[in-house]
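Participant: The structure's right below; bear with me while I get my questions together.
The values are calculated or read from the model by the stated rules, or taken from the named source; none is laboratory data. Note that the structure is predicted; figures quoted are calculated from it, not measured. Methodologically, a virtual Cβ is constructed for each residue, glycine included, from the backbone with ideal geometry; neighbour enumeration extends over all protein chains shown. The area values use the complete protein model at the heavy-atom level, side chains included, leaving out ligands, DNA and RNA. Shrake-Rupley method; radii C 1.70, N 1.55, O 1.52, S 1.80 Å.
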Amino acid sequence: MTITKDVSNEEKIKLDIYVPLNVCACQWESFMNLVFQVITEYGKYIEFETKNLDSEEARNLSLHGNSVVINGSEVVSSSFALKKKLPEILKNKGLI
């Protein structure tokens, strides 16, 4: 029997996924699919929101392409980098 820890919203990793929502989804759907493949495994530890890359918030973060912002500060621009980073963060938080 496996005991799973309940994770409060405060403990969850916050991901903001930035893509150009004002253009055809065909230009960013592949990126989203790859990101979701990574985060699905850690779903109960993650809270995410999709945001527009063409926004003031994205400009303030100096984002220039499809990106994932982790906990409001760390930026990764590939699913490979996200796949490497998420387990590290979750281990440091004692969630996995």
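Participant: Here is a list: Lys83, Lys93. Which entry is surrounded by 12 or more Cβ atoms within 10 Å (Cβ to Cβ), charged (D, E, K, R) and touching a helix residue (DSSP H, G or I) at 6+ places or on another chain (Cβ under 6 Å)?
Facilitator: Matching residue, one of Lys83, Lys93: Lys83.
Participant: What is the residue count in region 14-32 for residues that are among the acidic types (Asp, Glu) and closer than 13 Å to Ala58 by Cβ?
Facilitator: Residues flagged as among the acidic types (Asp, Glu) and closer than 13 Å to Ala58 by Cβ within region 14-32 amount to 1.
Participant: Working carefully through the options Asn66, Asn92, find the one that is at pLDDT 95 or above and not aliphatic (A, V, I, L, M).
Facilitator: Every option except Asn66 fails the conditions.
Participant: For residues in region 8-26 being touching a strand residue (DSSP E or B) at 6+ places or on another chain (Cβ under 8 Å) and loosely packed, with under 13 Cβ neighbours inside 10 Å, which is modelled with the highest pLDDT?
Facilitator: Looking at the filtered set, the residue picked out is Asn22.
Participant: Which condition number in (1) open to solvent by less than 60 Å² (accessible area, probe 1.4 Å); (2) in contact with a strand residue (DSSP E or B) (Cβ under 9 Å, 6 or more places away or on another chain); (3) on the phi < 0 side of the Ramachandran plot is the one that Gly43 fails?
Facilitator: It fails just one condition, (2).
Participant: Let me ask another. Check region 46-62 and report whether any residue there is open to solvent by 50 Å² or more (accessible area, probe 1.4 Å) and on the phi > 0 side of the Ramachandran plot.
Facilitator: yes
Participant: Show the residue pairs meeting these rules: Cβ distance below 8 Å; 6+ apart or different chains; first residue within region 18-37 and without any contact (Cβ under 8 Å) to a residue 40 or more places away in the chain; second residue open to solvent by 50 Å² or more (accessible area, probe 1.4 Å) and of a type in the set (Val, Ile, Thr).
Facilitator: Every condition considered, the pairs that remain are Leu21/Thr50; Met32/Thr50.
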